[in-house]
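First the structure, in the form of structure tokens, and then the observations on it.
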Amino acid sequence: MDKLIENWPKFAVDVGTHLGLTGRLFGVVILILLYPVLYAGSRRLVHATFDRLLAWIIKEDLNFNKRRLAKRLALFFFACVFYAALPNLLSGYITAIQLTRNISMVCIALVGTLVFSSLLDVFLTVYSSSRTSQDIPLKATVQVVKIVAYFVCGIFIVSLILNKTPLYLFSGLSALGALLLLVFRDSILGFVAGIQLIANQMVAKGDWIEMPKYGADGDVIEIALTTVKVQNWDKTITTIPTYALIGESFKNWRGMKEAGGRRIKRTINIDISTIKFCDGDMLTRFSKIQYIADYIQAKKDELSTYNNENEVDDASLVNGRRLTNVGTFRAYTIAYLRHHLMINQEMTFLVRHLAPTEHGLPIEVYVFSKDTIWANYEGIQADIFDHLLAVVPEFDLKVFQNPSGADFRRLIPQREGEYNTIAHKQTDSL
């Protein structure tokens with residue numbers, strides 16, 4: 001059987017020569033019957049070749065792409081055999097030869113384009129597993145190459161049907177230029193935008209971007225020719241036109257990841273009525289706090305020296321320079337964050353007062369955590385403010401909070417008692 005497959009074109013011609021029309025028809029039947037053998041053989045060949053070639057390059061499963069490529073290569077191989085053998089089997093029938101050649105050429109062009117498309121898919125799959133693909137995605141470029149290939153294939157097929165050279169058809173495309181620009185407007189804009197995105201490294205696969213206009217807030221999972229797909233944090237998918245990323249503004253959080261720190265910016269509102277100067281008992285109590293023991297001693301010495309040099313009257317705490325409980329709390333917050341292992345000490349580090357409001361005095365913590373992963377970052381931030389909120393009362397301070405229903409309910413018995421007292425007094429007077 002293998003020898004027959006190897007020499008089947010010569011065998012078909014010999015049969016056609018000796019047996020005339022019957023032999024030719026017999027050769028065509030043999031050619032058709034051999035198709036399953038050729039198909040199965042080519043599929044095995046493709047699988048074996050790609051298995052060995054890609055086994056050491058990539059571990060990703062390419063079975064789907066290989067199966068599709070194998071099918072298309074088998075069809076392409078059969079179309080080439082059909083084109084080479086049928087003229088010999090149909091010798092003497094000029095019209096039939098011309099017709100079969102045209103049909104064969106159309107099949108070869110169409111299937112050859114599909115084979116080229118499958119090869120691009122395999123290449124893109126292999127490329128996607130490399131690190132370079134994260135910074136330079138080529139999916140949009142591959143899609144453009146596919147469009148050009150299909151377009152050229154269409155021109156070639158039309159030229160075969162019309163019996164004209166492809167150059168003749170290409171020369172007439174100038175009149176359809178405006179129409180083509182209109183039809184492929186999004187593709188052209190997307191291709192140009194994709195080149196700009198890659199060249200300027202504005203966005204890459206895996207980046208966290210925000211684009212409120214399109215409801216996008218998540219990771220980029222695909223950069224295609226005309227669209228960019230973003231998987232939001234709620235696992236929904238938002239599709240953004242590629243050219244929109246060039247013409248409109250969006251936020252890319254890649255810089256945060258590359259910098260190695262994620263910002264913590266949050267305030268604690270202190271009840272202004274609890275802010276006061278520190279007396280001796282308070283300073284003695286504060287000096288037992290490990291993080292600020294040295295700070296308290298240094299401040300006491302500094303202020304004592306200043307007040308003595310300026311002959312400050314100690315009869316009132318208003319005179320001279322004094323420590324306040326809110327300033328000491330701010331110093332404790334700074335010392336606590338300086339000793340925190342998950343705070344990046346080399347990035348912006350602020351613990352500051354903001355302007356007082358009707359909600360109290362805001363003390364803002366503005367630092368950066370070392371861990372940029374969302375879940376870990378939220379845990380670090382929560383631990384810090386759990387501790388600070390619990391520490392506030394130790395400095396004789398209170399966190400401001402608007403009155404709740406429970407606060408008003410505690411006032412009701414007092415009001416009722418006042419009303420009862422007033423009623424008793426009125427009764428006694430009568």
Mean Cβ neighbour count within 10 Å, used as a protection proxy, ranking 370-382, 238-250, 217-229 highest first = 217-229, 238-250, 370-382
Kirkwood hydrodynamic radius for region 192-304: how many Å is it when counted over pairs of different Cα atoms?
-> 18.5
Karplus (6.51, -1.76, 1.60) ³J(HN,Hα), θ = phi - 60°, over region 203-213, in Hz, Gly and Pro reported as x = 8, 9, 4, x, 6, 8, 10, 10, 9, x, 4
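Given the pairs LYS229/LYS251; LYS205/LYS235; LYS205/LYS257; LYS71/LYS235, which span a C-alpha to C-alpha distance of over 24 angstrom in this model? Write out the running numbers ahead of the final one.
Details: LYS229/LYS251 15 Å; LYS205/LYS235 16 Å; LYS205/LYS257 14 Å; LYS71/LYS235 36 Å.
Checking Cα-Cα distances, LYS71/LYS235 exceed 24 Å.
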The long-range amide H neighbours of ILE343, using H built 1.01 Å from N in the peptide plane and a cut-off of under 5 Å, are LYS370
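If Lys and Arg each add +1 and Asp and Glu each add -1, what is the summed charge of the other residues whose beta carbon sits under 15 Å from the beta carbon of GLY320? Intermediate results must be reported in sequence, preceding the final value.
On the way: positive: LYS299, LYS300, ARG321, ARG322; negative: ASP279, ASP301, GLU302, GLU309, GLU311, ASP313, ASP314.
Local charge sum for GLY320: -3.
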Excluding ASP371 itself, what net charge comes from residues whose Cβ is under 13 Å from its Cβ, given Lys and Arg +1 and Asp and Glu -1?
-> +2
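When only Cα pairs under 8 Å and 6 or more residues apart are kept, what is the percent relative contact order across region 264-335? Write out the running numbers ahead of the final one.
On the way: 41 pairs, mean separation 29.0, N = 72.
Once normalised by length, the contact order is 40 percent.
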Check: region 302-382 dipole with +1 on Lys, Arg Cβ and -1 on Asp, Glu Cβ, in debye = 240
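Tally Lys/Arg at +1 and Asp/Glu at -1 over every other residue whose Cβ is under 10 Å from the Cβ of ASP217; what's the total?
Numbers: positive: LYS251; negative: GLU210, ASP219, ASP234.
Once positives and negatives cancel, what remains is -2.
Every number in this text was worked out from the coordinates using simple rules, so none of it is lab data. This structure is a prediction, so every number in the text was calculated from the model and none was measured. Cβ coordinates were reconstructed from backbone atoms using ideal geometry, including for glycine residues, and neighbour counts include every protein chain displayed.
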